[in-house]
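Student: First the structure, then my questions, so here it is.
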Amino acid sequence: MPHLPSQTGAHRKPPWLRRPLAHTGAVRVDGLLDELELHTVCESARCPNRGECFGDSTATFLILGDACTRDCRFCAIEARSPEPPDPGEPGRVADAAVRLGLAHVVVTMVTRDDLPDGGASHVVAVIEAVRATHRDASVEVLTSDFGGDLGAVATVVRARPDVFNHNVETVPRLYADVRSGADYERSIAVLEHAGRIEPDVPVKSGLMLGLGEEYDEIIDVMADLRAAGVTMLTLGQYLRPSAAHLPVAAFVEPERFEALAEEAYHLGFTAVASAPYVRSSYHAADLAARV
């Protein structure tokens, strides 16, 4: 299988990954999040787009706490015993969405293997709170795999989010190193079940590149996602959050991301974002508008 053309063996980011960060408006967002005691994946996962997004007065809410019950080697979210779900959190997320003027509200979650439903009912409470308070906004949810509990998946999808997202993150061969608590086939089953429960709710997934995957493996995963009914796809460059996380195996060139986008559209995806700085929630409103 051919390797992805890339810059390998480099400790410094290549030129296409160097850019200034926007900070206008970031103080306002930080202050609001502190006031409402809310977490964002932007901060908890050390997203490289945080400055730009906060500068544009947008954020991706991280619910069910800031601690995860799994310890994936690519993710900066802390793995420890989480607190019980906060019943006031859905209302505060809705309040923040209104005060930020978000037309498309993106909500993600930590994995909560400690909860009987994996946190599904809490996700639904957030969807309902946003819709009750901010009726003109669309809502996108990025969920865990709920431990393979398809009943929990159905609980969320029947709340009819405007987009249901669950990321496969990488190719099957790398799961043991990258997502040791997850299972590729389980994630595919989650996505397939979501599309079967509510066929008119768009289903979305994404991968990080630069972890050591081969080109043919990416194509195979994209084909699996399409076969599972996924229509929205994100592809972005993995960036190491800290020295304690997996190293970057390769920096994938922008041209290769463009070629993969073409392959994805050829496979039948209707909305694709593929570029080094793409993340699941980065410009999510723009991607959702293409469906």
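Student: Please verify whether region 113-133 includes one or more residues that are in a loop (DSSP other than H, G, I, E, B), over 28 Å from VAL178 (Cα atoms) and open to solvent by less than 60 Å² (accessible area, probe 1.4 Å).
Tutor: no
Student: Within region 270-291, can one find any residue that is assigned to a helix (DSSP H, G or I), surrounded by fewer than 17 Cβ atoms within 10 Å (Cβ to Cβ), modelled with pLDDT of 95 or more and not basic (Lys, Arg)?
Tutor: Scanning region 270-291, I find no residue that is assigned to a helix (DSSP H, G or I), surrounded by fewer than 17 Cβ atoms within 10 Å (Cβ to Cβ), modelled with pLDDT of 95 or more and not basic (Lys, Arg), so the answer is no.
Student: Then there's this: Check whether at least one residue in region 176-198 is of a type outside the set (Gly, Ala, Ser), at pLDDT 95 or above and closer than 26 Å to ARG12 by Cα, and report yes or no.
Tutor: No, region 176-198 contains no residue that is of a type outside the set (Gly, Ala, Ser), at pLDDT 95 or above and closer than 26 Å to ARG12 by Cα.
Student: Specify the residue that is nearest to SER281 (Cα to Cα); the eligible residues are those in region 60-112 that are open to solvent by 10 Å² or more (accessible area, probe 1.4 Å) and among the small types (Gly, Ala, Ser).
Tutor: So the residue we want is ALA103.
Student: What is the one condition in (1) of a type in the set (Gly, Ala, Ser); (2) at pLDDT 70 or above; (3) surrounded by fewer than 16 Cβ atoms within 10 Å (Cβ to Cβ) that ALA22 does not satisfy?
Tutor: For ALA22, the failing item is (2).
Student: Of all residues in region 196-214 being among the charged types (D, E, K, R) and part of a loop (DSSP other than H, G, I, E, B), which is surrounded by the most Cβ atoms within 10 Å (Cβ to Cβ)?
Tutor: Result: GLU213.
Student: Scan region 152-184 for residues that are open to solvent by 20 Å² or more (accessible area, probe 1.4 Å), part of a helix (DSSP H, G or I) and touching a helix residue (DSSP H, G or I) at 6+ places or on another chain (Cβ under 8 Å) and jot them down.
Tutor: Matches in region 152-184: THR155, PRO172, ARG173.
Student: Looking at region 215-232, is at least one residue surrounded by fewer than 19 Cβ atoms within 10 Å (Cβ to Cβ), among the aromatic types (Phe, Trp, Tyr) and closer than 14 Å to THR170 by Cα?
Tutor: yes
Student: List the number of the failed condition for ALA103; all other conditions in (1) of a type in the set (Gly, Ala, Ser); (2) in contact with a Lys or Arg (Cβ under 9 Å, 6 or more places away or on another chain); (3) touching a residue at least 60 places away in the same chain (Cβ under 8 Å) hold.
Tutor: (2)
The values are calculated or read from the model by the stated rules, or taken from the named source; none is laboratory data. On a predicted model such as this, the values are computed, not experimentally measured, just so you know. For neighbour counting, all protein chains shown are included, and Cβ atoms are generated from backbone atoms with ideal geometry for every residue, glycine included. All accessible areas refer to the heavy atoms of the entire protein, side chains included, with ligands and DNA or RNA removed. Shrake-Rupley method; radii C 1.70, N 1.55, O 1.52, S 1.80 Å.
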